[in-house]
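Written out below as structure tokens is the structure these notes cover.
The values are calculated or read from the model by the stated rules, or taken from the named source; none is laboratory data. Quantities reported herein were computed from a predicted structural model and do not represent experimental measurements. No Cβ is skipped: glycine too gets one built from the backbone with ideal geometry, and neighbour counts run over all protein chains shown.
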Protein chains: 4
Amino acid sequence: MVVVMKPGAAPEDVDAVVSRVEASGGSAFVSRGVQRTIVGLVGDIAAFQTLNLRAMPGVGEVVRVSKPYKLVSRENHPEATTVSVGGVPIGPDTFTLIAGPCAVETPEQTLQSALMAKAAGATLLRGGAFKPRTSPYAFQGLGEKGLRILADVRAETGLPVVTEVVDAADVALVAEWADMLQVGTRNMQNFALLQAVGSAGRPVMLKRGMTATYEEWLMAAEYIAQRGNLDIVLCERGIRTYETATRNTLDIAAVPMMHSLSHLPVIVDPSHSGGKRELVVPLSRAAIAAGADAIIVDVHPDPTAALCDGPQALYGDDLDELARACRELPPLVGRRLVS
Amino acid sequence: MVVVMKPGAAPEDVDAVVSRVEASGGSAFVSRGVQRTIVGLVGDIAAFQTLNLRAMPGVGEVVRVSKPYKLVSRENHPEATTVSVGGVPIGPDTFTLIAGPCAVETPEQTLQSALMAKAAGATLLRGGAFKPRTSPYAFQGLGEKGLRILADVRAETGLPVVTEVVDAADVALVAEWADMLQVGTRNMQNFALLQAVGSAGRPVMLKRGMTATYEEWLMAAEYIAQRGNLDIVLCERGIRTYETATRNTLDIAAVPMMHSLSHLPVIVDPSHSGGKRELVVPLSRAAIAAGADAIIVDVHPDPTAALCDGPQALYGDDLDELARACRELPPLVGRRLVS
Amino acid sequence: MVVVMKPGAAPEDVDAVVSRVEASGGSAFVSRGVQRTIVGLVGDIAAFQTLNLRAMPGVGEVVRVSKPYKLVSRENHPEATTVSVGGVPIGPDTFTLIAGPCAVETPEQTLQSALMAKAAGATLLRGGAFKPRTSPYAFQGLGEKGLRILADVRAETGLPVVTEVVDAADVALVAEWADMLQVGTRNMQNFALLQAVGSAGRPVMLKRGMTATYEEWLMAAEYIAQRGNLDIVLCERGIRTYETATRNTLDIAAVPMMHSLSHLPVIVDPSHSGGKRELVVPLSRAAIAAGADAIIVDVHPDPTAALCDGPQALYGDDLDELARACRELPPLVGRRLVS
Amino acid sequence: MVVVMKPGAAPEDVDAVVSRVEASGGSAFVSRGVQRTIVGLVGDIAAFQTLNLRAMPGVGEVVRVSKPYKLVSRENHPEATTVSVGGVPIGPDTFTLIAGPCAVETPEQTLQSALMAKAAGATLLRGGAFKPRTSPYAFQGLGEKGLRILADVRAETGLPVVTEVVDAADVALVAEWADMLQVGTRNMQNFALLQAVGSAGRPVMLKRGMTATYEEWLMAAEYIAQRGNLDIVLCERGIRTYETATRNTLDIAAVPMMHSLSHLPVIVDPSHSGGKRELVVPLSRAAIAAGADAIIVDVHPDPTAALCDGPQALYGDDLDELARACRELPPLVGRRLVS
């Protein structure tokens, strides 16, 4: 960390900072400039943060230089991680298609969606049994009954299952039925939930909070990692901006940025980013080209009857286009489609 | 709701919309314009939303006109609500000062903070025992021990207690000790938590999500209300914008806007909005002048030693200035300071 | 347009709206619902907007339904436009690489940059002679001297020139030397400049304003088109969001969205979006895959000595990677690289 | 400035940074830490910025510490400035009400608006003759004819005139008729215009760009100041955020923040911030309470007939409420209403 003193800070102010740092076991290097004095700190950042240096007399700014996350950082773990979900890899050499219905509605709709997904090249099945909905009056998902449907469809299709969990109290139940636990955008800073999935013994897909910075997202991953679970996949799903013509703004640069900051796989959700069917294929192509390790896509056999997010579900020709992109694009960025 | 057909939509497309609406028990009025046809719907909005009209052939846009929240809306409940917290009112004729430490650290620090708060005119004590922190390496609060300290300080000072709850599993415990439950910004869409506090039999302070729209905020309140608890106070605490010089951007217009959309009290947190001590008094003055029913302010006897958010805690002269503003400004906007 | 009356609006209020609309030459269709009355308007939107219906008694909301832009809209001109810049096409069947230095510094640096660009497959040369800079103390460009250097380099390399103009007073001068006029992000709503380039007889590249909506961007294009110039290319260059780890957030969905709203070509600037060299190639790949008609990239023979935006300029291996992407990706999305 | 080397940067990389800094006439202090080496620079920041240190091998980050603006900064000019507009002060001890029509439409409407403004306590008249409009099809103002109307109304009422200028080519004309030149939000980074008003010999009101940071806003002011004109008033008018229920989000903290960063007066436009009549009075009260030196408010004798922004213009009871707030609130924050 670097402490920047205010112009005109007294020498005793500088001394007080140095003393406090040294008392905590760190070292402080003072550079007295013409306009300002700067103090560089070396030692344990976490300890420095409890010192409250920003509140000391004469202190202008405290600039953090090291990263506040450790277990998930690339700096401390240069090699890219591959996460295995029921035997299906998500990692640096491959490209994985995850697809399925937004919400599990019936056994038939779920099976049909899974078969459509598989035909398009998907090797993992998505599907929501617990749905976080903005409105208390909207369909909230089938709960445990939905989990059972997913397990049945897995048995029939062979596709491992990714599904969301929305409350720490449900983690054990969901972990019993699912191959991968999804933490949704609204829960990215639900710390009790993060800690629970960190102890659940299942890989976790951590969606980016609607307005989370890269750093906050990685800190959320660090909460999971701290419980011993490093099988984490980061999912960019669009952020909230002033532009309302799309549901969210897909931050495509998050793919290379997160790959440079972290060793974890980074995937993209093109369905929830754009919120419109006609955007799913172009955004999927962009995600593959930008280096995503996987994409997760909504499909539905009859979108006009879907209970959740019908307007963005793929089917028919669009799904064929997606399948073609998943076959043709990965080789151009040094990957092969997992099949 | 209004359905706007695409230019060139076929008459059968329009008929299909009308049929689906009527089949659900609603009525549809068709206006055929030169460029487009518009279908106005009358009936049960919640039912219309499940119809997935947006996905039907020929449909361009579906524009919602009624409000999606009911129990908390001003339209359905024109009179402003007063919420009583341990006998202290928060409502349209009064102005209430809520103050205390960001985090409960020790019995002494909590008591001293409470006495400072009371001397400045506060009639409710804030203080965090369960702290949601971005970093897993930061101080996470004292938990139940902190709740006991708060109860002791209440006994000594007579100030009812407002404290945060971060997990649905803790709601019963916190409700046992506290007079008002606070739902923090990161949990505004933690629906399990909202439902739990809705059943806890205590008034709730619902902070605005960091990037929640007014409507999403009111939908979150609706989740609480739906469980039978209408003792809800809405707290504006700054939103996330591109400007990083302040911690958040206080959306001062939220005070009159939320008062016009909802019958619930609206309060402001000037400490977490700005994140800087020197902003607390000006923002508090602005909040009172804009019509806030209360403000909630961090105080600390020794901010440089605070374990949480020291740089924004008030003490000394600043606290005197705040006290003066709380006495002098409310009468100019038709309110009296609760004492 | 649709006028939504407030609940409880008087019949006379509705009549007054209808009368005002009819007096302006339009038609009004009234649907009286249970909660509200809705009035659909048919006729000349521009005329309706001057009626100030929103301010009339009993009016709740006025919802616009038609697009406010005409000349640049896809609705009124379904076929995609190809813009020719000194004989080089930018349009639906091709992919064009535009490259060159951020700023023209010397004849040598400009020529070297142009040769690098050409070797990588570029067929248009970018380079700034007039530079809009946030700080008055930063390098402001060489002005007319820079334009002459660009013309010399065009003569030597055969690459037509794209360069920025920042003031309406300079448009004639820049149009004399350049093949395409660029309007920068800070000037997207400099209406005097838009009108001047609309009359300059040169194709125009219109960068998206830093926080312009799609609609505002198209309205800015409409200003140019209204002066008779429809040779407009829209350039997405990243928008401002709360995320500060990248210079801007590239809104990749703008490519398919703008293609659906407008018949004009849509291109991407991956250099200014990310502001980091290591992001340029991944973002370029994403842009091509998403369907961009061209990209515009900063190159520099010696980025550490660049007077402007050195950290994002490509050279060496990165430039080879970009060249490869420009050859290999376009055929997968039905395009051929212009050469 | 502080240069933070990457972990594992070679000693020669550090030496190269030091040499380049020293070659430019600065000094460099090296602190070798356990994880990273930090180099503190002392000397001329502007010179350092041209060194392109960020692009050198081994460099991780370059953190700027000093402010990039000088003439308008509080650091270099601790005393608050009072700007005089035709004899009317805007400064630290007073509160000034500026009011008038959004656009000059006719002599009668302008005079009536001015009389309403004066009766409410205004001592400066606002009114637009040149209007920057998002749509080329909207009313663009009366131009020079409007300026003459404003001058006539000034002669009749004694109120000095504030009016907008939108193109550098018009500055001399507008300066001939007006007492203060307004630069609008869309032109905050129209550098040719800033330089022109810097040389025009009239005080300037500089509105904040729709998404300008505090620093960019001050850099824009620095462009004006650099031409010798320090009679600059900064106007907060709301910023663009994800919330669309209000036209913009009034950043009320900008008032104390800009007062601490700059010696220039800071005022607020409550009409364009909220875009709704019912928000103008609460936001005006908030602005005065937060310490604004003035507010600028739209009034209109017949808002339903206004050619521009009718829905936010005050009249009748609302205007009386505003007048009362302007009389009663300033004394509570140590100011007197200019009369």
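Looking at region A:186-201, which of its residues are hydrophobic (A, V, I, L, M, F, W, C) and outside any helix (DSSP H, G or I)?
Once the filter is applied, which keeps residues that are hydrophobic (A, V, I, L, M, F, W, C) and outside any helix (DSSP H, G or I), region A:186-201 yields A:MET188, A:ALA200.
Return the residues of region A:265-287 that are touching a strand residue (DSSP E or B) at 6+ places or on another chain (Cβ under 7 Å), within 16 Å of A:ILE98 (Cβ to Cβ) and not polar (S, T, N, Q); say none if nothing qualifies.
Passing the criteria: A:PRO265, A:VAL266, A:ILE267, A:VAL268, A:ASP269, A:PRO270, A:VAL280, A:ALA287.
Which members of region B:23-34 meet the condition of being out of contact with any Gly (no Cβ under 7 Å at 6 or more places or on another chain) and exposed (fewer than 13 other Cβ atoms within 10 Å of the Cβ)?
Answer for region B:23-34, where residues must be out of contact with any Gly (no Cβ under 7 Å at 6 or more places or on another chain) and exposed (fewer than 13 other Cβ atoms within 10 Å of the Cβ): B:ALA23, B:VAL34.
Going residue by residue through region A:24-44, is there one that turns out to be within 28 Å of the chain's Cα centre (by Cα), under 30 Å from A:ALA225 (Cα atoms) and not assigned by TED's automatic domain parsing to the domain that holds A:LEU261?
yes
Against the definition (out of contact with any Pro (no Cβ under 7 Å at 6 or more places or on another chain) and part of a strand (DSSP E or B)), how does C:GLN182 come out, yes or no?
Against the criterion (out of contact with any Pro (no Cβ under 7 Å at 6 or more places or on another chain) and part of a strand (DSSP E or B)), C:GLN182 qualifies.
Looking only at region D:292-339, how many residues end up being over 22 Å from the mean Cα position of the chain (by Cα), more than 13 Å from chain B (Cβ to nearest Cβ) and not polar (S, T, N, Q)?
17
Sort through B:GLU215, B:GLU278 and tell me the only one that's touching a helix residue (DSSP H, G or I) at 6+ places or on another chain (Cβ under 8 Å), in a helix (DSSP H, G or I), among the acidic types (Asp, Glu) and within 8 Å of another protein chain (Cβ to nearest Cβ).
Going through B:GLU215, B:GLU278 in turn, the sole match is B:GLU278.
Let me confirm something: among B:ALA9, B:ALA16, which residue is over 22 Å from A:PRO301 (Cα atoms), hydrophobic (A, V, I, L, M, F, W, C) and either touching a residue at least 12 places away in the same chain (Cβ under 8 Å) or surrounded by 14 or more Cβ atoms within 10 Å (Cβ to Cβ) (or both)?
The conditions single out B:ALA9.
Are any of the residues in region D:52-60 within 14 Å of chain A (Cβ to nearest Cβ) and touching a residue at least 12 places away in the same chain (Cβ under 8 Å)?
Within region D:52-60, one or more residues are within 14 Å of chain A (Cβ to nearest Cβ) and touching a residue at least 12 places away in the same chain (Cβ under 8 Å).
From (1) modelled with pLDDT under 95; (2) among the acidic types (Asp, Glu); (3) within 22 Å of B:ASN248 (Cβ to Cβ), pick out the condition that doesn't hold for B:GLU164.
(1)
Residues to consider are D:VAL299, D:VAL333, D:VAL266, D:VAL280; find the one that is surrounded by fewer than 24 Cβ atoms within 10 Å (Cβ to Cβ) and either more than 18 Å from D:GLY127 (Cβ to Cβ) or in contact with a Gly (Cβ under 8 Å, 6 or more places away or on another chain) (or both).
D:VAL333 is the lone residue from the list that is surrounded by fewer than 24 Cβ atoms within 10 Å (Cβ to Cβ) and either more than 18 Å from D:GLY127 (Cβ to Cβ) or in contact with a Gly (Cβ under 8 Å, 6 or more places away or on another chain) (or both).
Among C:VAL204, C:VAL281, which is the only one that is under 13 Å from the mean Cα position of the chain (by Cα), assigned by TED's automatic domain parsing to the domain that holds C:LEU173 and either aromatic (Phe, Trp, Tyr) or on the phi < 0 side of the Ramachandran plot (or both)?
Every option except C:VAL204 fails the conditions.
Could you tell me which of the residues A:GLY43, A:GLY87 is on the phi > 0 side of the Ramachandran plot and at pLDDT below 85?
Among A:GLY43, A:GLY87, only A:GLY43 is on the phi > 0 side of the Ramachandran plot and at pLDDT below 85.
As an exercise: evaluate C:PRO92 against (1) within 30 Å of C:LYS131 (Cα to Cα); (2) of a type outside the set (S, T, N, Q); (3) assigned by TED's automatic domain parsing to the domain that holds C:GLN312 and give the number of the one condition it does not meet.
Of the numbered conditions (1) within 30 Å of C:LYS131 (Cα to Cα); (2) of a type outside the set (S, T, N, Q); (3) assigned by TED's automatic domain parsing to the domain that holds C:GLN312, the odd one out for C:PRO92 is (1).
Results for (1) among the polar types (S, T, N, Q); (2) surrounded by fewer than 19 Cβ atoms within 10 Å (Cβ to Cβ); (3) within 30 Å of C:ALA28 (Cα to Cα), shown as yes or no for each residue.
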site	(1), (2), (3)
B:THR37	yes, no, yes
B:ALA46	no, yes, yes
B:LEU51	no, no, yes
B:VAL63	no, yes, yes
B:VAL72	no, no, no
B:VAL83	no, no, no
B:ILE90	no, no, no
B:ILE98	no, no, no
B:ALA103	no, no, no
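Among B:ASP298, B:ASP317, which is the only one that is in a helix (DSSP H, G or I), under 27 Å from A:GLU61 (Cβ atoms) and assigned by TED's automatic domain parsing to the domain that holds B:MET257?
Exactly one residue qualifies, and that residue is B:ASP317.
When you go through B:ALA289, B:ALA225 one by one, which is the residue that is at the interface with another protein chain (Cβ under 7 Å from one of its Cβ atoms), out of contact with any Cys (no Cβ under 7 Å at 6 or more places or on another chain), more than 19 Å from D:ALA245 (Cβ to Cβ) and in contact (Cβ under 8 Å) with a residue 40 or more places away in the chain?
On the way: B:ALA225 fails: at the interface with another protein chain (Cβ under 7 Å from one of its Cβ atoms).
The match here is B:ALA289.
Is it the case that region A:181-192 has a residue that's in contact (Cβ under 8 Å) with a residue 24 or more places away in the chain, out of contact with any Asp or Glu (no Cβ under 6 Å at 6 or more places or on another chain), basic (Lys, Arg) and within 7 Å of another protein chain (Cβ to nearest Cβ)?
yes
Filter region D:142-166 for residues that are in contact with a strand residue (DSSP E or B) (Cβ under 8 Å, 6 or more places away or on another chain), assigned to a loop (DSSP other than H, G, I, E, B) and either among the β-branched types (Val, Ile, Thr) or buried (at least 24 other Cβ atoms within 10 Å of the Cβ) (or both) and give the result.
D:LEU159, D:VAL165, listed by residue number.
Which count do you get for residues in region A:90-147 that are more than 18 Å from A:CYS235 (Cα to Cα), at pLDDT 95 or above and hydroxyl-bearing (Ser, Thr, Tyr)?
3
Considering only residues that are at the interface with chain C (Cβ under 10 Å from one of its Cβ atoms) and either assigned to a loop (DSSP other than H, G, I, E, B) or among the aromatic types (Phe, Trp, Tyr) (or both), which ones fall in region A:244-275?
A:THR244, A:ALA245, A:THR246, A:ARG247, A:ASN248, A:LEU250, A:ILE252, A:ALA253, A:GLY275
If I ask for residues that are buried (at least 24 other Cβ atoms within 10 Å of the Cβ), at pLDDT below 95 and among the small types (Gly, Ala, Ser), which ones from region B:220-245 would you list?
Scanning region B:220-245 gives no hits.
Just to be sure, is D:GLY121 touching a strand residue (DSSP E or B) at 6+ places or on another chain (Cβ under 9 Å), part of a loop (DSSP other than H, G, I, E, B), within 12 Å of chain C (Cβ to nearest Cβ) and of a type in the set (Gly, Ala, Ser)? Let's see the steps before the verdict.
Numbers: touching a strand residue (DSSP E or B) at 6+ places or on another chain (Cβ under 9 Å): yes; part of a loop (DSSP other than H, G, I, E, B): yes; within 12 Å of chain C (Cβ to nearest Cβ): no; of a type in the set (Gly, Ala, Ser): yes.
Spelling it out, it is not the case that D:GLY121 is touching a strand residue (DSSP E or B) at 6+ places or on another chain (Cβ under 9 Å), part of a loop (DSSP other than H, G, I, E, B), within 12 Å of chain C (Cβ to nearest Cβ) and of a type in the set (Gly, Ala, Ser).
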